[in-house]
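As structure tokens, the structure follows; a few thoughts come after it.
The values are calculated or read from the model by the stated rules, or taken from the named source; none is laboratory data. Source: prediction; values computed, not measured. Every residue, glycine as well, gets a Cβ built from its backbone with ideal geometry; the counts of neighbours run over all protein chains shown.
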Amino acid sequence: MIKNKLFNENDSLNSYLYNFNLTLNKENLDKFANIKYVLMQGSQFRAELLAQKLAYKLLGVDPIFFKPINLINSSKFVIYRIKNVLSVSHGMGNTSLLTLLHNLSKVLYLAGNRDLEYIRIGTSGGIGIKPGSVVLTKEAYMPTLIPGYKISALGKDIIYPTIMNTQLNLRIIAAQPENATYNILIGNSIAADDFYLSQVRFDGAIKPNYTHDDKQKYFDKLKTMDILNIEMESTGLAAFCNRANIPVAMVAAVLVNRMKSDQITATTDELVRYAEHAQEVVLNYITSKDSGQSIASNIPR
Amino acid sequence: MNFDKLNHEFLNLPVDYLYHLGIDNTLHLEELYRDVKFAVITQTNEDAMIISNTFAKEFYNIEENDFSCTPLYKTERFHFYKVGKAIIISAGIGMPSTLICLNEITKLFVHAKIYDPIFIYLSAADGLNCPIGSLVLNDKILNSKFEDKFTSVECGIEYYYPTHLDTELNNAIYNYGVNYTDYIILNGSSIGAYDFYDEQARLDGFLELNYTKEEHDAYLNNCKDIGVKSLNMESLAFAGFCNQLEIRGSIVSAIINDRFICDKVLIDIVEQNTIIRNAAHLYARFILSYNDQND
């Protein structure tokens, strides 16, 4: 891990971490010791659902009897722990995700963790991809179709690389069963800074500057660049982890085929099922031999 | 709101799903919301609740403190409340999340036939050279390069939108606050940044910095010299969105720290909540007085 040299234990211990509403004392930091995997999702509900699945798989606890506790005191994010895995929510968009990543990485570092893997489990719009498919990101692009993530530090633009960890992607793929009922693909992703205009939708509040024909041309271009899906956090995620030297992957379920529709009209049950495909792919990895994780020997049923 | 700039395609959909709010236009939105004039947008769920409770106390003369409003619809993404003539919603951290909220709130208003709304962004913010607890009405919104424009990438192309807010509305709130409340009310510019750390020139993030402490100090001084009094992560997109649709907008930054003293927030949650409550109280009173004068 590579960190800010001005950030150190002496200054940070017992200080107040605003975005988590958490005092960094020993008692709180101990809750974050011995972590290996950080699994992140936009929604707090999905983070809770994943925590329940992890409790079942890793501890043999029936989800009916398990409600995870948020380790921080702010509703900005939830952070649940099951063994050496954190199930975390990051909100929507790069700005929210980066706020989570900075704060969580500080806490994990102060708690003594140096060997971590960060995986985002997302939902996305597919480019000619069937809803229910799962995409692992190779490289993340800005909506201008430039790879990388632009940060303006003191008003000066810097573009950071956004290639995900190839080895981690391969380990995740290797952990999948041969008989999966949905497609698992590896390709590039776009992180947009909005759900509507930035993702070339026609169902936002503002009249677009583009036509349906422009959208078709843009999407055709994406296909030639092996861009399989659009979501809102892959660039910030990859740029952060590359700067911090933390292995990172992004696994996203496709909720809608944007070649066919802008609106997410699948029924709620279907959407939940689609989103769960991405969780399943990551759970397969977390519980595989490759991950060095022991699974519960007493799983009920 | 300028109807020519509104997207008419969503009005022609058989059903319009406001996915992140968790509702669609088959609910009787006009019946439910026709008395609404104001949308108050904030960052966090806690603050949305504080604002809603403060509005409820003021609008309905509730003396007890021991009650709480209930958020409506899907609470997975945003917490949405309706209190009297206002809806209150938490839009999450940052411009991308806030833009999703603004789009869906605007669509909700159009479905409810509310064509002349007032949008208010009310949230905690970093302060520059103004006392903790002051309420800064932001009359000018800049990006982190000090340009008064919001950049939006649409179909791969960058577009720039102005970020000026309604001066008349701003002045009315300022005058109301100065004349009828004891809060410290200031006017000043705001910077809307895309990140809490690098883009807001902090030294206390996790990542290795590409600037020195001296450069950090110089940047904050430059901000102050051009009249910037607050930094947050939403104001630029809020102002850009309001300009695109010609919606009357107002931003109040509730100052919770002084960046010339420390990059970290030093006051505890109780004090933070009090400052948000004060800002909510100012707007609650203003909204009541606005109704008296204009409706």
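Which of the residues spanning region B:118-147 are touching a Lys or Arg at 6+ places or on another chain (Cβ under 6 Å) and surrounded by fewer than 22 Cβ atoms within 10 Å (Cβ to Cβ)? Steps first, answer last, please.
Looking only at region B:118-147, we keep the residues that are touching a Lys or Arg at 6+ places or on another chain (Cβ under 6 Å), and these are B:118, B:126, B:128-130, B:136.
Answer for region B:118-147, where residues must be touching a Lys or Arg at 6+ places or on another chain (Cβ under 6 Å) and surrounded by fewer than 22 Cβ atoms within 10 Å (Cβ to Cβ): B:Ile118, B:Asn129, B:Cys130.
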Step by step: first the residues of region B:168-196, then only those that are β-branched (Val, Ile, Thr) and under 16 Å from the mean Cα position of the chain (by Cα), then the one that is surrounded by the fewest Cβ atoms within 10 Å (Cβ to Cβ). Which residue is that?
B:Ile173
Consider A:Ala111 carefully, then state whether it is of a type outside the set (Asp, Glu), away from chain B (no Cβ under 14 Å), surrounded by fewer than 24 Cβ atoms within 10 Å (Cβ to Cβ) and in contact with a helix residue (DSSP H, G or I) (Cβ under 9 Å, 6 or more places away or on another chain).
no
Can you say whether A:Ile127 is without any contact (Cβ under 8 Å) to a residue 40 or more places away in the chain, away from chain B (no Cβ under 11 Å) and either buried (at least 21 other Cβ atoms within 10 Å of the Cβ) or among the β-branched types (Val, Ile, Thr) (or both), as far as the supplied structure shows?
no
Go through (1) under 27 Å from B:Asp166 (Cα atoms); (2) of a type outside the set (Val, Ile, Thr); (3) not in a helix (DSSP H, G or I) one by one and return the number of the condition B:Phe206 breaks.
(1)
Can you confirm whether region A:39-61 contains a residue that is surrounded by fewer than 19 Cβ atoms within 10 Å (Cβ to Cβ), assigned to a loop (DSSP other than H, G, I, E, B), more than 12 Å from every other protein chain (Cβ to nearest Cβ) and at pLDDT below 95?
yes
Filtering region B:16-39 for residues that are free of Cβ contacts under 8 Å to residues at least 60 places away in the same chain, within 17 Å of B:Lys74 (Cα to Cα) and not in a loop (DSSP other than H, G, I, E, B) leaves a count of 2
Quick check on my filter: what residues within region B:209-237 are part of a helix (DSSP H, G or I) and aliphatic (A, V, I, L, M)?
B:Ala218, B:Leu220, B:Leu236, B:Ala237
Over region A:221-265, the set of residues under 24 Å from A:Val200 (Cα atoms), more than 10 Å from every other protein chain (Cβ to nearest Cβ) and part of a loop (DSSP other than H, G, I, E, B) is A:Met225, A:Asp226, A:Arg258, A:Met259, A:Lys260, A:Ser261
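Is there a residue in region A:10-28 that is part of a helix (DSSP H, G or I), acidic (Asp, Glu), within 14 Å of another protein chain (Cβ to nearest Cβ) and in contact with a Lys or Arg (Cβ under 9 Å, 6 or more places away or on another chain)?
Within region A:10-28 (the criterion being part of a helix (DSSP H, G or I), acidic (Asp, Glu), within 14 Å of another protein chain (Cβ to nearest Cβ) and in contact with a Lys or Arg (Cβ under 9 Å, 6 or more places away or on another chain)), the answer is no, since none of the residues qualifies.
So in region B:238-270, with the set limited to residues that are assigned to a helix (DSSP H, G or I) and out of contact with any strand residue (DSSP E or B) (no Cβ under 8 Å at 6 or more places or on another chain), which one is nearest to the other protein chains (Cβ to nearest Cβ)? Don't jump to the end; show me each part of the working.
From region B:238-270, those assigned to a helix (DSSP H, G or I) are B:238-245, B:269-270; that's our starting set.
Of the ones still in play, those that are also out of contact with any strand residue (DSSP E or B) (no Cβ under 8 Å at 6 or more places or on another chain) are B:269-270.
Values: B:Ile269: 5, B:Val270: 11 Å.
The extreme case among them is B:Ile269.
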Going through region A:67-81 one residue at a time, which ones are more than 11 Å from every other protein chain (Cβ to nearest Cβ) and charged (D, E, K, R)?
A:Lys67, A:Arg81
Exactly one of A:Asp193, A:Asp157 is touching a residue at least 12 places away in the same chain (Cβ under 8 Å) and facing chain B (nearest Cβ under 10 Å), and that one is A:Asp193
Among the residues of region B:138-174, write down those that are among the basic types (Lys, Arg) and in contact with a Phe, Trp or Tyr (Cβ under 7 Å, 6 or more places away or on another chain).
B:Lys149
Any idea which residue in region B:145-168 is farthest from the other protein chains (Cβ to nearest Cβ), counting only those that are of a type in the set (S, T, N, Q) and under 19 Å from A:Tyr196 (Cβ atoms)?
B:Thr163
Just wondering, is there one or more residues in region B:50-73 that are surrounded by 12 or more Cβ atoms within 10 Å (Cβ to Cβ), within 24 Å of the chain's Cα centre (by Cα), at pLDDT below 90 and part of a loop (DSSP other than H, G, I, E, B)?
yes
Just name the residue that is nearest to A:Gly42 (Cα to Cα) out of those in region A:226-265 that are among the acidic types (Asp, Glu) and under 13 Å from the mean Cα position of the chain (by Cα).
A:Glu233
Select from region A:197-210 the residues that are within 9 Å of another protein chain (Cβ to nearest Cβ) and either among the polar types (S, T, N, Q) or in a helix (DSSP H, G or I) (or both) and list them in ascending order.
A:Leu197, A:Ser198, A:Asn209
